[in-house]
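These notes are about the structure you will find just below.
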Amino acid sequence: MSGPQRRKTKRPSTIAGTTPPSLAIRSVKSVVLTVCCAVVIIPFVGVISTSLATQKQVTDSGGFVLIPNQVSLAAYQAILSGGVVTRALGISVFITVAGTVISLACTATLAYALSRPGSFGHKPILMLLLFALLFTPGIIPMYLVVKYLGLLNSYWALIIPTAVNAFNVIVLRAFFMGLPPQLIESARIDGASELTVLRRVVLPLSKAALAVIGLFYAVGYWNAFFNALLYINDTSKWPLQMVIQTYVVNNSPLGGQPPPGEVIPPQQSLQMAVLVVSVVPILIVYPFLQRHFGKGVLTGAVKG
Amino acid sequence: MDTVSRRTLLRGALSATVLAGAGPLLAACGTSSGNGPAESSNTGVLLPAYVPLANGPVPDLPALPNGVLAGFLKYPANPISVTSGKPGDGSTVSAFIETFSPVAPPLAQNPYWQALNSALGVNLDLQVVPGSDYSDKLNVLVAGSSLPDLTMISGIPPNLPALLQAEFQDMTPFLGGDAVKKYPMLANIPSLYWKTGVYNGALYGIPVPRTIMGDVFYYRADILAAKGLNPQPASYAEFVTLCKELTDTRKNVWALSNANNSAANAGGVGTLQFIQQMLGVGYNWTYSDGTLTSTYEMPETQEALARTTELYKAGYVHPDSFSTATTSLTTTYKQWFNAGSAIINGDSWTAWPAYYTENVAGPSFRINGMMPPDYDSGSKAVTWQQNPSFSFTAFKKAPKSRIEELLKVVNWLCAPFGSAEYLVKTYGVEGVDWVRKDGDVAQTQAGINQSGGLSIGYVGSGPDVIYAAGEAQATNDCYAFMKKSIPASVADPTTGLYSRTNGEKSAILAGIIIDAVQAIIQGQQPLSSWPSTVKSWQTSGGNQVRSEFEEALAKSK
């Protein structure tokens, strides 16, 4: 006959040999983490809520609404009806996708060539790359180069000048140099050309690194606006970030009463609505890249 | 594809260095003060004759000779046409302008833009940039020899006289004296405004007129009336009493939106500036016996700073005023003012109608401007004048026939308020961009989207007027306030003059003052540190600015 069963309390898993944290410690950690999450999430919630708020609530709350009393889509109607924001969104997507593909292609091929010692022009090109890391051209020299290449007012002005980032090339080169040379030699023995080695051996092994570099490029293209300001005079070709800037930075007051039946949304709601529209594509894409990002972010950090 | 020739590369680089401040590279002969090309005296420049438009729109409230603007209670029901035919020749007219509005739809989706092109008889090619990026874009346009036909000159770019001389057309032969009579809308602009575009002893541009009245210290007239309070204190002591009676922290209500408007150096008025006005302090500088004294150097400014600090410590100023990001200042103060959380707020006079649009208090909402009272029996209060023109439009060097074609276009754009041309230029197409509401013009959201971002008014505008669409009371109140403010106003004696150091260092010098003022008011530094701040301002460039302005003033006499 067995004695009364002592209910087993599930203890938090711990590393062998360490003392599990007490309830008090775990409570403090929970509170701290909750506060940290709130600090991140509340502004985001506020942006969405303000974009949906009415003029009265925006004014009464001092410009930042947490929970809208009455949902109004006037701000979204205003920014999406003119076609400016949707067009700019499409331009940003195109530039980001095309730019990332071009940048990855240029960066990978250059990094691979520089990772193979003895390749033609190896040292001078590497020196040029390192020089570019240290010194950046000014606004005016860049403008003159873009102008005389005939790229003014062209979408290519937003891609070609920033297609290759020297830092990314250095990082990818280091990764390629860390790949087992035996794999590459055995491919050569089988008759593979350099391009075949790159395509069928090196790149498949470099997915994580390429995902990270690609993400860096993609975010850079998505966020870039200054090149558009300098090189694109036609505002219909401006990417989303330039359009956002005109909404968020400019605070021109509206004057006059709206026509009957029409609601002019408050300035703050317009600004927040544009911000929401700009963030949505990144939120959609990021979960698909997250697993690669987690692995690739440590590229080069741990050797051996 | 253009090829890079050494000549074009060098020319672009030279123009860029003009903007970058190496003016002597382009100097035929330079002065020892280092202002770049020798500036001829700007006195004696033949300004355009002033010929008021006959048979133009008649305002409800007449303009006055002392600078009070005309006022319109409604847009005329049947606007008259003041020009005949299309001014353009079918060519493309390019212009570089800054905007403070969101981007407009492209031409194909923009009925307002299409109507404007049709009315002008040209194809407008507008290069629009956000106001904050104006300088960067201007730099590359000059360096890349990519200037358009018309360029908005906003603020004072570095080495402006040298830039104008190198790249832009001297307009004196086209507009000086009676020559302007070929362009009646331009001749309708009073002489005062034309001085904005005078450099190097010549006229370089067409002004975008505003008014000489500076910022307004607004108060919520509806709230003061409900409380039975006198909105016009007769002294500083009465002003303090008013602030005390308006403040109720339990209800989150403070009398004043801010202690110091950081935009003060651009003409904004906060509590500190309002008290300076009570003490009779001049705007930026005071000129006497050939010597300029900065506002910062006057003992009255230190006294105003002490009083402002007391008001802040007493809790009459909104507690969040210093934690607000500089870029959001104006909007945030407006929010508090509209919500009734701050009862008194300084802002530009052009914001008057916007407060009515954004108010949430309903039909009882009313605002007005507070005149600074004499500080005490020994003081004489003043208000401050601002630069009468917002900017001016410069013409790229071109053959005479091309300049004349462009002048016809700009002349049309300068048609006065109340005309049919102005209605198309500002509001666009009836039924699409605007409709009639209660006999007045009401702009639709589509109209705001299509016209705001183009900011064509910065290319050419006639004399400004007081007008608040749908708010006749606001127009009347603003007109009445202007009639009080302008006679009591004093001008910055350096308005219209050029100082190279001021153009290069104004932001740095302003930062020295703003940082110290905010630290003193909040109690982070003692008031006794103010003289050392002024000393720092002097040695960091203030004295150089002073001597350059004094030199320019002497030449202008």
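The values are calculated or read from the model by the stated rules, or taken from the named source; none is laboratory data. Everything quoted here is computed from the prediction, not taken from an experiment. So basically every Cβ, Gly included, is an ideal-geometry build from the backbone, and we count neighbours across all protein chains shown.
If you check B:TYR312 against the conditions, is it crowded, with 22+ Cβ neighbours inside 10 Å, part of a helix (DSSP H, G or I) and not basic (Lys, Arg)?
Against the criterion (crowded, with 22+ Cβ neighbours inside 10 Å, part of a helix (DSSP H, G or I) and not basic (Lys, Arg)), B:TYR312 qualifies.
Quickly run through the stretch A:50-86 and pick out the residues that are β-branched (Val, Ile, Thr) and either more than 9 Å from chain B (Cβ to nearest Cβ) or not in a helix (DSSP H, G or I) (or both). Give the steps one after another, and end with the answer.
Kept after step one, since they are β-branched (Val, Ile, Thr), are these residues of the stretch A:50-86: A:50, A:54, A:58-59, A:65, A:67, A:71, A:79, A:84-86.
Once the filter is applied, which keeps residues that are β-branched (Val, Ile, Thr) and either more than 9 Å from chain B (Cβ to nearest Cβ) or not in a helix (DSSP H, G or I) (or both), the stretch A:50-86 yields A:THR50, A:THR54, A:VAL65, A:ILE67, A:VAL71, A:THR86.
Checking the condition of a type in the set (Asp, Glu) and within 14 Å of chain A (Cβ to nearest Cβ), which residue from B:ASP149, B:ASP178, B:ASP170 passes?
Numbers: B:ASP178 fails: within 14 Å of chain A (Cβ to nearest Cβ); B:ASP170 fails: within 14 Å of chain A (Cβ to nearest Cβ).
Exactly one of B:ASP149, B:ASP178, B:ASP170 is of a type in the set (Asp, Glu) and within 14 Å of chain A (Cβ to nearest Cβ), namely B:ASP149.
Output the qualifying pairs, or none if there are none: Cβ atoms under 6 angstrom, residues six or more apart or on different chains, first residue in the stretch A:216-237 and in the same structural domain as A:SER92 (by TED's automatic domain parsing), second residue hydroxyl-bearing (Ser, Thr, Tyr).
Pairs that qualify, where the first residue is in the same structural domain as A:SER92 (by TED's automatic domain parsing) and the partner is hydroxyl-bearing (Ser, Thr, Tyr), are A:TYR217/A:THR100; A:TYR217/A:SER103; A:ALA218/A:THR96; A:ALA218/A:THR100; A:TYR221/A:THR96; A:TRP222/A:THR96; A:LEU230/A:TYR143.
When residues of the stretch B:358-380 are filtered for being away from every other protein chain (no Cβ under 12 Å) and in contact with a Phe, Trp or Tyr (Cβ under 9 Å, 6 or more places away or on another chain), how many remain? Even if it seems obvious, please write down each step before you answer.
If we filter the stretch B:358-380 for residues that are away from every other protein chain (no Cβ under 12 Å), which is where we start, we get B:364, B:366-380.
The next check asks that each one be in contact with a Phe, Trp or Tyr (Cβ under 9 Å, 6 or more places away or on another chain); those that pass are B:366-376, B:379.
Within the stretch B:358-380, residues that are away from every other protein chain (no Cβ under 12 Å) and in contact with a Phe, Trp or Tyr (Cβ under 9 Å, 6 or more places away or on another chain) number 12.
If the requirement is being under 30 Å from B:SER348 (Cβ atoms) and at pLDDT 95 or above, which of these qualifies: B:LEU192, B:LEU203, B:LEU160? Lay out the reasoning, then the answer.
On the way: B:LEU192 fails: at pLDDT 95 or above; B:LEU160 fails: at pLDDT 95 or above.
Of B:LEU192, B:LEU203, B:LEU160, the one residue that is under 30 Å from B:SER348 (Cβ atoms) and at pLDDT 95 or above is B:LEU203.
Does at least one position in the stretch B:90-112 carry a residue that is surrounded by fewer than 19 Cβ atoms within 10 Å (Cβ to Cβ), within 20 Å of B:LEU413 (Cα to Cα), more than 14 Å from chain A (Cβ to nearest Cβ) and not aromatic (Phe, Trp, Tyr)?
So far as the stretch B:90-112 goes, yes, one or more of its residues are surrounded by fewer than 19 Cβ atoms within 10 Å (Cβ to Cβ), within 20 Å of B:LEU413 (Cα to Cα), more than 14 Å from chain A (Cβ to nearest Cβ) and not aromatic (Phe, Trp, Tyr).
Please specify each residue of the stretch B:121-146 satisfying the condition of being among the β-branched types (Val, Ile, Thr) and more than 10 Å from chain A (Cβ to nearest Cβ).
Residues of the stretch B:121-146 that are among the β-branched types (Val, Ile, Thr), as a first pass: B:122, B:128-129, B:140, B:142.
Scanning the stretch B:121-146 gives a single hit, B:VAL122.
Return yes when B:GLY439 is over 30 Å from B:SER556 (Cα atoms), within 14 Å of chain A (Cβ to nearest Cβ) and either of a type in the set (Lys, Arg) or touching a strand residue (DSSP E or B) at 6+ places or on another chain (Cβ under 6 Å) (or both) and no when it is not.
Numbers: over 30 Å from B:SER556 (Cα atoms): yes; within 14 Å of chain A (Cβ to nearest Cβ): yes; either of a type in the set (Lys, Arg) or touching a strand residue (DSSP E or B) at 6+ places or on another chain (Cβ under 6 Å) (or both): no.
No: the conditions fail for B:GLY439.
I'd like the full set of residues that are in contact (Cβ under 8 Å) with a residue 12 or more places away in the chain and closer than 23 Å to A:PRO265 by Cβ, limited to the stretch B:87-112. Steps first, answer last, please.
If we filter the stretch B:87-112 for residues that are in contact (Cβ under 8 Å) with a residue 12 or more places away in the chain, which is where we start, we get B:87-105, B:110-112.
Result: B:THR99, B:PHE100, B:SER101, B:PRO102, B:VAL103, B:ALA104, B:PRO105, B:ASN110, B:PRO111, B:TYR112.
Any residue at all in the stretch A:160-183 that's under 28 Å from A:VAL243 (Cα atoms), within 14 Å of chain B (Cβ to nearest Cβ) and polar (S, T, N, Q)?
Looking only at the stretch A:160-183, we keep the residues that are under 28 Å from A:VAL243 (Cα atoms), and these are A:160-165.
Retained after the next criterion (residues that are within 14 Å of chain B (Cβ to nearest Cβ)): A:160-161.
Filter again for polar (S, T, N, Q), leaving none.
Scanning the stretch A:160-183 turns up no residue that is under 28 Å from A:VAL243 (Cα atoms), within 14 Å of chain B (Cβ to nearest Cβ) and polar (S, T, N, Q).
Of all residues in the stretch A:87-97, count the ones that are more than 11 Å from every other protein chain (Cβ to nearest Cβ) and either surrounded by fewer than 20 Cβ atoms within 10 Å (Cβ to Cβ) or within 10 Å of A:VAL277 (Cβ to Cβ) (or both).
First pass over the stretch A:87-97, keeping only residues more than 11 Å from every other protein chain (Cβ to nearest Cβ): A:89-97.
Next, only the ones that are either surrounded by fewer than 20 Cβ atoms within 10 Å (Cβ to Cβ) or within 10 Å of A:VAL277 (Cβ to Cβ) (or both) stay: A:89-90, A:93-94, A:97.
Residues in the stretch A:87-97 being more than 11 Å from every other protein chain (Cβ to nearest Cβ) and either surrounded by fewer than 20 Cβ atoms within 10 Å (Cβ to Cβ) or within 10 Å of A:VAL277 (Cβ to Cβ) (or both): 5 in total.
Please go through the stretch A:98-109 and give me each residue that is touching a residue at least 12 places away in the same chain (Cβ under 8 Å) and surrounded by fewer than 20 Cβ atoms within 10 Å (Cβ to Cβ), ordered by number.
We begin by selecting, within the stretch A:98-109, every residue touching a residue at least 12 places away in the same chain (Cβ under 8 Å); these are A:98-100, A:102-104, A:106-109.
Across the stretch A:98-109, the qualifying residues are A:ALA98, A:ILE102, A:CYS106, A:THR109.
Return yes or no: is B:ALA115 more than 21 Å from B:PRO184 (Cα to Cα) and not basic (Lys, Arg)?
Details: more than 21 Å from B:PRO184 (Cα to Cα): yes; not basic (Lys, Arg): yes.
Criteria met by B:ALA115.
What residue, of B:ALA469, B:ALA480, B:ALA519, B:ALA510, is surrounded by fewer than 19 Cβ atoms within 10 Å (Cβ to Cβ), over 17 Å from the mean Cα position of the chain (by Cα) and within 30 Å of B:PHE96 (Cβ to Cβ)? First the steps, then the outcome.
On the way: B:ALA469 fails: surrounded by fewer than 19 Cβ atoms within 10 Å (Cβ to Cβ); B:ALA480 fails: within 30 Å of B:PHE96 (Cβ to Cβ); B:ALA519 fails: within 30 Å of B:PHE96 (Cβ to Cβ).
Result: B:ALA510 is the single residue among B:ALA469, B:ALA480, B:ALA519, B:ALA510 that is surrounded by fewer than 19 Cβ atoms within 10 Å (Cβ to Cβ), over 17 Å from the mean Cα position of the chain (by Cα) and within 30 Å of B:PHE96 (Cβ to Cβ).
Based on what the data block shows, is A:ARG291 surrounded by fewer than 21 Cβ atoms within 10 Å (Cβ to Cβ), out of contact with any His (no Cβ under 8 Å at 6 or more places or on another chain), at pLDDT 80 or above and assigned to a helix (DSSP H, G or I)?
Working: surrounded by fewer than 21 Cβ atoms within 10 Å (Cβ to Cβ): yes; out of contact with any His (no Cβ under 8 Å at 6 or more places or on another chain): yes; at pLDDT 80 or above: no; assigned to a helix (DSSP H, G or I): yes.
Spelling it out, it is not the case that A:ARG291 is surrounded by fewer than 21 Cβ atoms within 10 Å (Cβ to Cβ), out of contact with any His (no Cβ under 8 Å at 6 or more places or on another chain), at pLDDT 80 or above and assigned to a helix (DSSP H, G or I).
Name the residues in the stretch B:396-440 that are of a type in the set (A, V, I, L, M, F, W, C) and without any contact (Cβ under 8 Å) to a residue 40 or more places away in the chain, would you? Break it down stepwise before answering.
Restricting attention to the stretch B:396-440, the residues satisfying the condition of being of a type in the set (A, V, I, L, M, F, W, C) are B:398, B:403, B:406-407, B:409-410, B:412-415, B:417, B:420, B:423-424, B:429, B:432, B:434-435.
Hits for the stretch B:396-440 are B:TRP434, B:VAL435.
For the stretch A:192-205, check the following and say yes or no: at least one residue is free of Cβ contacts under 8 Å to residues at least 12 places away in the same chain and aliphatic (A, V, I, L, M). Outline the logic, then answer.
Within the stretch A:192-205, the first condition is being free of Cβ contacts under 8 Å to residues at least 12 places away in the same chain, and the residues that meet it are A:192-193, A:195-196, A:199, A:204.
Those left that are additionally aliphatic (A, V, I, L, M): A:192, A:195.
Checked against the condition, which is being free of Cβ contacts under 8 Å to residues at least 12 places away in the same chain and aliphatic (A, V, I, L, M), the stretch A:192-205 yields at least one hit.
Listed residues B:SER461, B:SER389, B:SER489, B:SER451; which is under 30 Å from B:ALA554 (Cα atoms) and either surrounded by 23 or more Cβ atoms within 10 Å (Cβ to Cβ) or out of contact with any strand residue (DSSP E or B) (no Cβ under 7 Å at 6 or more places or on another chain) (or both)? Before the answer, list the steps.
Numbers: B:SER461 fails: under 30 Å from B:ALA554 (Cα atoms); B:SER489 fails: either surrounded by 23 or more Cβ atoms within 10 Å (Cβ to Cβ) or out of contact with any strand residue (DSSP E or B) (no Cβ under 7 Å at 6 or more places or on another chain) (or both); B:SER451 fails: under 30 Å from B:ALA554 (Cα atoms).
Sole residue among the options that is under 30 Å from B:ALA554 (Cα atoms) and either surrounded by 23 or more Cβ atoms within 10 Å (Cβ to Cβ) or out of contact with any strand residue (DSSP E or B) (no Cβ under 7 Å at 6 or more places or on another chain) (or both): B:SER389.
Would you check if there is a residue in the stretch B:250-257 being assigned to a helix (DSSP H, G or I), within 30 Å of B:PRO319 (Cα to Cα) and more than 16 Å from the chain's Cα centre (by Cα)?
Here is the first cut: in the stretch B:250-257, the ones assigned to a helix (DSSP H, G or I) are B:250-251.
Keeping just the survivors that are within 30 Å of B:PRO319 (Cα to Cα) gives B:250-251.
Subsequent filtering for residues that are more than 16 Å from the chain's Cα centre (by Cα) retains B:250-251.
Checked against the condition, which is being assigned to a helix (DSSP H, G or I), within 30 Å of B:PRO319 (Cα to Cα) and more than 16 Å from the chain's Cα centre (by Cα), the stretch B:250-257 yields at least one hit.
In the stretch B:404-436, what residues are outside any helix (DSSP H, G or I) and within 14 Å of another protein chain (Cβ to nearest Cβ)?
B:PHE417, B:TYR427, B:GLY428, B:VAL429, B:GLU430, B:GLY431, B:VAL432, B:ASP433, B:TRP434, B:VAL435, B:ARG436
Mind listing whichever residues of the stretch B:134-183 are among the polar types (S, T, N, Q) and in contact (Cβ under 8 Å) with a residue 40 or more places away in the chain? Outline the logic, then answer.
Keep residues of the stretch B:134-183 that are among the polar types (S, T, N, Q), which gives B:135, B:139, B:145-146, B:151, B:154, B:159, B:165, B:169, B:172.
The answer is B:ASN139, B:SER145, B:THR151, B:SER154, B:ASN159, B:GLN165, B:GLN169, B:THR172.
Pull out all pairs, ordered by first then second residue, where Cβ-Cβ is under 9 Å, the residues are six or more apart or on different chains, the first lies in the stretch B:319-332 and is closer than 18 Å to B:THR249 by Cα, and the second is modelled with pLDDT under 80.
Filtered contacts from the stretch B:319-332: B:ASP320/A:GLY62; B:SER321/B:LEU329.
So is A:VAL47 surrounded by 11 or more Cβ atoms within 10 Å (Cβ to Cβ), at pLDDT 90 or above and either part of a helix (DSSP H, G or I) or more than 14 Å from chain B (Cβ to nearest Cβ) (or both) or not? Full working, then the answer.
On the way: surrounded by 11 or more Cβ atoms within 10 Å (Cβ to Cβ): yes; at pLDDT 90 or above: yes; either part of a helix (DSSP H, G or I) or more than 14 Å from chain B (Cβ to nearest Cβ) (or both): yes.
Against the criterion (surrounded by 11 or more Cβ atoms within 10 Å (Cβ to Cβ), at pLDDT 90 or above and either part of a helix (DSSP H, G or I) or more than 14 Å from chain B (Cβ to nearest Cβ) (or both)), A:VAL47 qualifies.
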